[in-house]
1. Would you confirm, using the coordinates I've provided, whether T216 is more than 30 Å from R319 (Cα to Cα) and among the β-branched types (V, I, T)?
2. For A594, all conditions in the list (1) on the phi < 0 side of the Ramachandran plot; (2) small (G, A, S); (3) over 16 Å from the mean Cα position of the chain (by Cα) hold save one; what is the number of the exception?
3. It is to be established whether one or more residues within region 25-40 are closer than 30 Å to A210 by Cα, at pLDDT 90 or above and either assigned to a helix (DSSP H, G or I) or charged (D, E, K, R) (or both).
4. Between L60, L41, L34, which is over 30 Å from N104 (Cα atoms) and aliphatic (A, V, I, L, M)?
5. Among (1) in contact (Cβ under 8 Å) with a residue 12 or more places away in the chain; (2) under 28 Å from F366 (Cα atoms); (3) aliphatic (A, V, I, L, M), which single condition is V253 missing?
6. Since L163 meets every condition but one in (1) surrounded by fewer than 19 Cβ atoms within 10 Å (Cβ to Cβ); (2) within 23 Å of Y21 (Cα to Cα); (3) without any contact (Cβ under 8 Å) to a residue 24 or more places away in the chain, which condition does it not meet?
7. For K448, indicate whether it is of a type in the set (D, E, K, R), modelled with pLDDT of 60 or more and part of a loop (DSSP other than H, G, I, E, B).
8. Could you please find all residues in region 318-343 being without any contact (Cβ under 8 Å) to a residue 60 or more places away in the chain and among the small types (G, A, S)?
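The values are calculated or read from the model by the stated rules, or taken from the named source; none is laboratory data. Fair warning: this is a prediction, and the values are worked out from it, not measured in the lab. Cβ sites come from the backbone with ideal geometry, for glycine too, and all protein chains shown count toward neighbours.
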Amino acid sequence: MSSHMHMGHDMPSPQNLQKAYWAVVGSFVGAAALANLINRLLAFQRLRDTSLTPSKPKSLFFRFYATLTALAREASHAVPPPVSISRHRLYFAPLGPLAIVLANLVTVLILCFYKLDTENQWAWEDVGYRTGFVTIAQLPLLFLLSGRRNIIGILSGTDYARLNWYHRWIARTFWLCATLHMGFWFRSWGRYNYITYQLKNEYYAKRGFAAWCILTFIVVSSARPLRRLGYEFFVLQHLVMFVGFIVAVWMHVKEEDKVWVWISVGLLIFDRVLRYVWGAYVNLGVFHPASRALWKHQASFTSLPGDVTRVTIRDPGLRWAQGQHMFLTCHAIVPLQSHPFTISSIPEDKQIEFLIRSQKGGTRRFYKYAENNTVLGTDTGKSCTVLLEGPYGVLRPLYQFDTVVLIAGGMGATFTMPLLRDLVRRWKNDSGSKDLSLQRVQSAQLGKAVVRRVRFVWVVRSRKHLAWFETQLLTVLADVNVLRRASADTLTDIKVSIHVTDDMELAILGHGSSTSDTEPASTNSLEKSAVTDEDTLAIQPLPSANNASPLEHQQQHQSSPQPARLPALTPQHGRPQVHPLIRTALEEATGESAVVVCGPPSLADDTRRSVVSLSDERAVHKGTGAQGVYLHVENFGS
């Protein structure tokens, strides 16, 4: 690639085109950062709102922002219908992320071909030069989007896992641009049968072709089906190939363009240094006075039903937020591997818990180890040294919304259960004050919430899978029951629905284990099993001594929670209907609501469609008085 491009007087210079590309990127990042700032201010304002509807916009600015947000959500969350190929279903990304990727592609193509005639054979070398400059300018963006701790994520409030999706698609655009760069040079050389000679003898051509070959391998091997064949191998080869690619690119470009390579390397080093420094602080005992060992964290492994391993790390010495995840490394069981797992506990537990489903590779070894060290569902006390990296993950605080709907499929409850527990914990903090105005004013300092209603839905394949979170669910229901009895006029409300989908167990449940009259589901479709919104788990009153005060009830529950005093978990038949479930919750809301879903692609897809449909149907913030809906979809294995 050279800067000696034949340009007319009105032809933009390659350097100006590179600046134009980053002006577009900067505009997108700036808009996302502004939205993130406004959302933070909105949460701050709601927590200090003394009205009965703090999550409803009051000022003209916030009403305008709510309307704009509602329109943007309806467009961005819309998703094309899945396509069935043989026995597989292909799911698509929502239109919002697709629009951003498409906007990047259009910008790149415009910059590549602006004022150039691709039909003129004498302009083919000019196109080759131009596309080369545009290609190299995109390189830093790839590294910005790939880091776990990156500037774009901090500014926009976006999780690195979501940015990594953009990283893969920007990489494909980068590959297309590099292919155009090489293709037009080949096209020009091909007029004289000069391609083979150039690749054998020309310095820059040889290095450039090598870089393109490595890049092609990286893009192809990053396809999701190939990643799933062996994730550990994918990570290793991905890092090795990127080193080779950067070296080849550095040798290919001219001296004045090496700055783009150095910027990319600098971003990579920044991410790695930050991760290693933080990792040393988290894991080395020297930074934790209570620890006398070299490594801070010891973990116990317990096997659970459904081939699930519970990993427990007591007194971790770091804070995290609900819904976040960490990378776990245990060299004694799975050497030289690090895997991300959602933290299924909350900070008040004073321990980190991971629930890990056994599949293959490292997760299978965890389960085998746990099986060998578990007796009657309890670990034998044997522990292993583990290393932690993180926490990672970004989610708008749910305590700022009026109504929250949490939907989980199977292991997705590891994400939604901590969110539920945190909201109930905040309700308990609120119960300390009878004055609602005082609650609102103090909410930020005391970790309180403005949430009034929570709907928790968990879909499991087998009844025995309830053991994963049965204790937590029972405690949550008991805590809410105590709060209700302590304050008869409480504004808080919670509904829990558990749905078992296994056909064999449905037959058993149908003979008296369930209070629902709904027939067992006969299909695998979430839309065809008629479990209505009324088929929920009711909170039954706790038996208590006569004439006991609400405070005494609460003290009794906190001091000695007996299993017999807790409400029973009664699962429902089949799969829930997502659309009416969300509709009922939204119709009860008096402010902005939040819908959070974590589970298989079909469940996430149905939830997206329902939220978009209901938002459009209710004409949110378009004069009807209906309030907005924030949607967060936590994906499995992106």
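1. Judged against the criteria, T216 is a match.
2. With (1) on the phi < 0 side of the Ramachandran plot; (2) small (G, A, S); (3) over 16 Å from the mean Cα position of the chain (by Cα) applied to A594, the lone miss is (3).
3. yes
4. When all the criteria are applied, what remains is L60.
5. (2)
6. (1)
7. Here the answer is yes, as K448 does meet what is asked.
8. A332, S338
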